[in-house]
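Notes to accompany the following structure.
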Amino acid sequence: QEFIDRVLLLQEAGRRGISATPKGVNAWLDHVVARGNASIESMALVRLEKPERERWATNELVLDALRKDVAQRVKPDAAQVRRYYDQHAEKFTTPEQLGISMILLEVAPYAPASSWDEAQAQARNLHRDLTHGVPFELLAQEHSRHESSRQGGNLGLIHVEMLSRELQAIAVMLQPGQISLPQLVLQGVVIVRINERLPPRLNQFEVVSARARELLVRDLSEAAWRDLIRRLRESVSVVFQHDRAS
């Protein structure tokens, strides 16, 4: 079916007067071959004779130009963009953000158990100091081996999804101002403080209207491409001929 669709699309491109220039063909081949063995496409092309390589490159450029031609015909109006925004609010919602600080006592994963025990003991002492009023920022600057130590352990505002699963599991249990007990993570032992929580927020349409139009055009372009293939399939009768010669 993919082979048939390719033939039909190339025929459609010809009807629309879409072609490729020799300069574009050479540039496309240079780009693909330059990717070397990292590309299955390049490995296949180097086995072809020059005319076949050029024909393949021409077809690829023509198909790409056809897809762009289909996309350029998609021009939603303002009402469609607004309706898309209303129907897909999740795409324009800023996820929950956390203001978070941490103290990391780094331990190599392959370190002996004694190193982990030592780090946990140190972390318990630091947690005791925190509960007695020692500033989190001071202890982070003195003891944390995370890059945030220069900022007193403050990571700033972070989307929850950007945190590791380990830190997400710790953060979900805390409210602003609360400090976690020492927890084992891959990098060592960590103490986390939540500074603030910003709930998910739907961005105003005026702020994200350009993004909404971009996403709608993308979706409509894909739909138009699929519709073109469907119509091309319906417009022809495909007959498979099997060679039964012995």
At a threshold of 8 angstrom on Cα-Cα distance, excluding pairs fewer than six apart, so keeping six or more, what relative contact order does the range 86-172 reach in percent? 41 percent
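Using the heavy atoms of the protein chains and a 1.4 angstrom probe, tell me the accessible area per residue for the chain in square angstrom.
It amounts to 66 Å² per residue over the chain.
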Between Ala223 and Arg201, Cβ-based FRET efficiency (R0 41 Å, step 0.05) works out to 0.85
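Expressed as a rounded percentage, what relative contact order does the range 1-149 have, with Cα pairs under 8 Å and six or more residues apart?
Values: 76 pairs, mean separation 29.4, N = 149.
Once normalised by length, the contact order is 20 percent.
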Any idea which of Val107, Pro51, Ala123 is furthest toward the positive side of the dipole for the range 15-124, if Lys and Arg beta-carbons carry +1 and Asp and Glu beta-carbons -1? Pro51
Amide H of Arg197: which non-local residues (sequence gap of 5 or more, or other chain) have their own amide H closer than 5 Å, using H built in the peptide plane? Gly99
At 7 Å along Cα-to-Cβ for each site, give me the label-to-label distance between Arg145 and Ile4 in nm. 6.3 nm
Over the chain, how many pairs of lysines fall under 25 Å by alpha carbon, counting only those 8 or more apart in sequence or from different chains? 4
Kyte-Doolittle mean at least -1.0 and Cα extent at least 30 Å along the axis: which DSSP H helices of the chain qualify? 205-234
Using a probe of 1.4 angstrom, how much of the accessible area of the chain is carbon and sulfur, in percent? 52 percent
Cβ-placed point charges (K, R +1; D, E -1), dipole of the range 119-163 about Cα centre in debye, nearest 20: 160 debye
If the only charges are +1 at each Lys and Arg Cβ and -1 at each Asp and Glu Cβ, what is the size of the charge dipole of the range 56-201 around the Cα centre, to the nearest 20 debye? 540 debye
Taking the Cα centre as origin and putting +1 on Lys and Arg beta-carbons and -1 on Asp and Glu beta-carbons, what dipole magnitude results for the chain, to the nearest 20 debye? 920 debye
Length-normalised contact order of the range 157-246 in % [C-alpha pairs under 8 Å, at least 6 apart]: 16 percent
For all pairs of alpha-carbon atoms in the chain, what percent lies in each bin of width 10 Å, listed from the first bin to the last filled one? 6, 18, 16, 14, 16, 16, 10, 3, 0, 0
Rounded to the nearest Å, what's the spacing between the alpha carbon centres of the range 92-122 and the range 178-246? Just the number, please. 32 Å
With each run of n ≥ 4 DSSP H residues scored as -39500 (n - 2.57), what mean residue ellipticity at 222 nm is computed for the chain after dividing by its residue count and rounding to the nearest 500 deg cm²/dmol? -17000 deg cm²/dmol
Calculated log₁₀ intensity ratio I(q)/I(0) where the Debye formula runs over C-alpha points of the range 65-130, q = 0.12 Å⁻¹: -0.62
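The values are calculated or read from the model by the stated rules, or taken from the named source; none is laboratory data. Since the structure is predicted, the reported quantities are computational estimates derived from the model, not experimental observations. Cβ sites come from the backbone with ideal geometry, for glycine too, and all protein chains shown count toward neighbours. Just so you know, the surface numbers come from the protein's heavy atoms only, side chains and all, with ligands and any DNA or RNA stripped out. Shrake-Rupley method; radii C 1.70, N 1.55, O 1.52, S 1.80 Å.
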